[in-house]
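Q: One structure, as structure tokens, below. Some questions next.
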Amino acid sequence: MKALILGRGVSGRGAACLLGSLGFSYQFYQDGDCAPDVSMFDFAVRSPGFPINHKILRLLRAKNVPTLGEIELAFRFSRGKIVSITGTNGKSTTTALIHTALKTNGYKTFIGGNFGTPFSEFALKTKPETVSVIELSSFQIEDLKSYRSDISVVLNITPDHMNRYRDFHEYAETKLKLLKHSDIAILNRDDPQLRSTKGDNIIFFSRKERADAYVDSEKIVVNLKKKTEIPLSELPLKGVHNLENYMAAATVLNLLGLTEDEIIRGFKAFNGLPHRTEFVGTVKKVKFINDSKSTNPDSLKKALESFEKVILIAGGSSKGLDFRELKELFKERVKEAVFIGETAELLAETFKGLSPILRASSMEEAVRKAFELSKPGDTVLLSPGCASFDMFKNFEERGEAFKKAVLKLKRDLEEKVEN
């Protein structure tokens, strides 16, 4: 059999690895290539970067050539349990938390999907006792068919990717499609898009009220068949968003049979992912925090809720999102702001008159201006609230540029003192 693989990126190469191992032949197609005769192929594999209304997919449908997403392909050749995590924000941290806890306690486990390694790259390595922890973006959920998750998590749904979907409703419905592919679904009751979801397979967690998992007397309580209590003092990662990530992860691990001690041991073994409210260092009693993974208003909101006396660096490429709901929080938490990138003027207009605002043309300039505006005890927070593609290859490159700029600032100040 011969497959057409749409996309030569990470997902496409993962699909090729799997198909090659199975003895299938394949051909890649990427935007800019001449359109092949699609009737030559028995099926196609879609990478998530190809929207479902892409011209090549329309051609495939017209010729009745079946199309699978890369996640769907991998699932059909995998074994063992699957835990799926989606949400607008926090899904990578929650995915890594669950995987780390399992690995720390001796479970056979893989991590992948939207998290670095394509599912198709390790699907054939899974066994009946394996737990595969799969992060799913909305793009990967779009065309699920037979995919089945033993446990799924939906952390939150807030506006994002409005340059891909017609409106927020379509984006939210895409995320919620995962529930149809889940034996058990764990949802955030504090999220307006999720709290009214009904079903026999639904489990809720909440920071604000009693639920299947909740916060009580400085501890997380998971109140399922086996009660689990985790003191907040035992959790390395701080902030409102991380508390929600811990609650979701603890609920998953409880359902998988881990004991209270095993869950705490696993959580202690995980110190966070780079570029998610990552502490970079202190320069003259000013803290620098790298939250480059913040690519939408809700992630910016969660970052601002976690810090006070903030000198904010924000901005990037546009996703067509609205920042106006952050005006009160901005006024309360942001002492000064430095805006960068394509959305600098949009942000400046949105937050005009709430705090002093500067612009910068590079990350190094933004860091220096933010430091000049700061006083001891302040926090310089990079939390862009936007995608990175106007100035950087990805959010990782943006975060590394911030860290290098902070290190250079520190070195330059030290050399100035020595001279």
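Values quoted throughout were computed directly from the atomic coordinates according to the rules given, and no laboratory measurement underlies them. Here the structure is a predicted model, which means the values were calculated and not measured. All Cβ positions, even for glycine, are placed from backbone atoms using ideal geometry, and neighbour counts span all protein chains on display.
Q: Please compare each pair in Lys284/Lys416; Lys238/Lys302; Lys108/Lys145 to a cut-off of 18 Å on the Cα-Cα distance and tell me which ones are over it. Working shown, then result.
A: Details: Lys284/Lys416 13 Å; Lys238/Lys302 11 Å; Lys108/Lys145 26 Å.
Over 18 Å Cα-Cα: Lys108/Lys145.
Q: Work out the P(r) tail for segment 114-179: percent of alpha carbon pairs separated by more than 16 Å, whole number. Display every interim value, and only then the final one.
A: Values: 1135 of 2145 pairs.
The answer is 53 percent, as a whole percent.
Q: Set the Förster distance to 30 Å, then compute FRET efficiency between Ser25 and Lys108 from the Cβ-Cβ distance, nearest 0.05. Spell out each step's value before the answer.
A: Values: r = 32 Å, r/R0 = 1.06.
After rounding to 0.05, the efficiency reads 0.40.
Q: A further question on this structure: Limiting things to C-alpha atoms, what are the Rg and the maximum Cα-Cα separation (Dmax) for segment 192-320, in angstroms?
A: Gyration radius and largest Cα-Cα distance of segment 192-320: 16.8, 55 Å.
Q: Quickly rank 381-394, 40-53, 159-172 as a protection proxy: mean count of other C-beta atoms within 10 Å, highest first.
A: Numbers: 381-394: 21.9, 40-53: 19.1, 159-172: 15.9.
Packing order, densest peptide first, comes out as 381-394, 40-53, 159-172.
Q: Still on this structure, please answer the following. Rounded to the nearest 0.05, what FRET efficiency is calculated for Arg411 and Leu354 with R0 set to 41 Å and r the Cβ-Cβ distance? Can you show the working numbers first?
A: Working: r = 34 Å, r/R0 = 0.82.
So the FRET efficiency works out to roughly 0.75.
Q: Right, another one. Please state, to two decimals, what the Cα-based radius of gyration of segment 2-65 comes to when divided by 2.2 N^0.38 Å (N = residues).
A: So segment 2-65 has a normalised radius of gyration of 1.02.
Q: If you line up the Cα atoms of segment 323-419 on their principal axes, what length do they span on each, largest first, in Å?
A: Taking the Cα atoms of segment 323-419, the three principal extents are 46, 32, 18 Å.
Q: Also: Sort Lys408, Lys103 so the one with the fewest other Cβ atoms within 10 Å of its own Cβ comes first. All intermediate terms of the calculation are to be shown ahead of the outcome.
A: Details: Lys408 13, Lys103 18.
Least crowded to most crowded, the residues run Lys408, Lys103.
Q: Got the relative contact order for segment 2-65 handy, in percent, Cα pairs under 8 Å and 6 or more residues apart?
A: On the way: 83 pairs, mean separation 27.6, N = 64.
Over segment 2-65, the number comes to 43 percent.
Q: Can you give the alpha-carbon Rg of segment 144-213 over 2.2 N^0.38 Å, where N counts its residues? Walk me through the intermediate numbers first.
A: Values: Rg = 12.6 Å, N = 70, 2.2 N^0.38 = 11.1 Å.
Relative to the 2.2 N^0.38 Å estimate, segment 144-213 comes out at 1.14.
Q: Be a star and scan segment 245-261 for residues whose amide nitrogen sits under 17 Å from the point 7 Å along the Cα-to-Cβ vector of Lys227.
A: Output list for this probe position: 251, 254-255, 259-261.
Q: What percentages, rounded to whole numbers, describe P(r) for segment 75-268 computed over all alpha carbon pairs with 5 Å bin width beginning at zero?
A: 1, 8, 18, 22, 21, 15, 10, 4, 1, 0
Q: Suppose the chain between Leu329 and Asp167 were pulled fully straight at 0.36 nm per residue; how much longer would it get relative to their current alpha carbon spacing? Numbers along the way, then the final one.
A: On the way: separation 162, 0.36 × 162 = 58.32 nm, distance 2.51 nm.
Taking Leu329 through Asp167 to full extension adds about 55.8 nm, to one decimal.
Q: Where does each of Thr94, Thr104, Thr67, Thr88 land when they are ranked from fewest to most other beta-carbon atoms within 10 angstrom?
A: Ordered from fewest to most neighbouring Cβ atoms within 10 Å, Thr94, Thr104, Thr67, Thr88 come out as Thr104, Thr67, Thr88, Thr94.
Q: I've got another one for you. Springs between alpha-carbon atoms under 10 Å, Gaussian network over the chain: tell me which of Leu73, Leu358, Leu179 tops the mean-square fluctuations.
A: Evaluated over the chain, the most mobile residue of the options is Leu358.
Q: Report P(r) for the chain: all Cα-Cα distances, bin width 10 Å, range 0 to the bin holding the largest distance, values in whole percent.
A: 5, 21, 28, 26, 16, 5, 1, 0
Q: Shifting gears a bit: Over the chain, what is the mean sequence separation of C-alpha contacts under 8 Å (at least six apart), divided by residue count, expressed as relative contact order in percent?
A: On the way: 877 pairs, mean separation 49.6, N = 419.
Relative contact order of the chain: 12 percent.
Q: By counting other Cβ atoms within 10 Å of each Cβ, how are Ser11, Ser138 ranked from fewest to most?
A: Numbers: Ser11 30, Ser138 25.
Fewest-to-most ranking of Ser11, Ser138: Ser138, Ser11.
Q: Full-extension gain between Arg61 and Asp42, please, as 0.36 nm times their residue separation minus the C-alpha to C-alpha distance.
A: Numbers: separation 19, 0.36 × 19 = 6.84 nm, distance 1.22 nm.
Extra length available between Arg61 and Asp42 comes to 5.6 nm.
Q: Expressed as a rounded percentage, what relative contact order does segment 193-256 have, with Cα pairs under 8 Å and six or more residues apart? Don't jump to the answer; show the numbers that get you there.
A: Working: 63 pairs, mean separation 15.4, N = 64.
Here the relative contact order equals 24 percent.
Q: Still on this structure: Which FRET efficiency value, to the nearest 0.05, do you get for Glu418 and Lys268 by plugging their Cβ-Cβ distance into 1/(1 + (r/R0)^6) with R0 = 30 Å? Display every interim value, and only then the final one.
A: Working: r = 40 Å, r/R0 = 1.33.
After rounding to 0.05, the efficiency reads 0.15.
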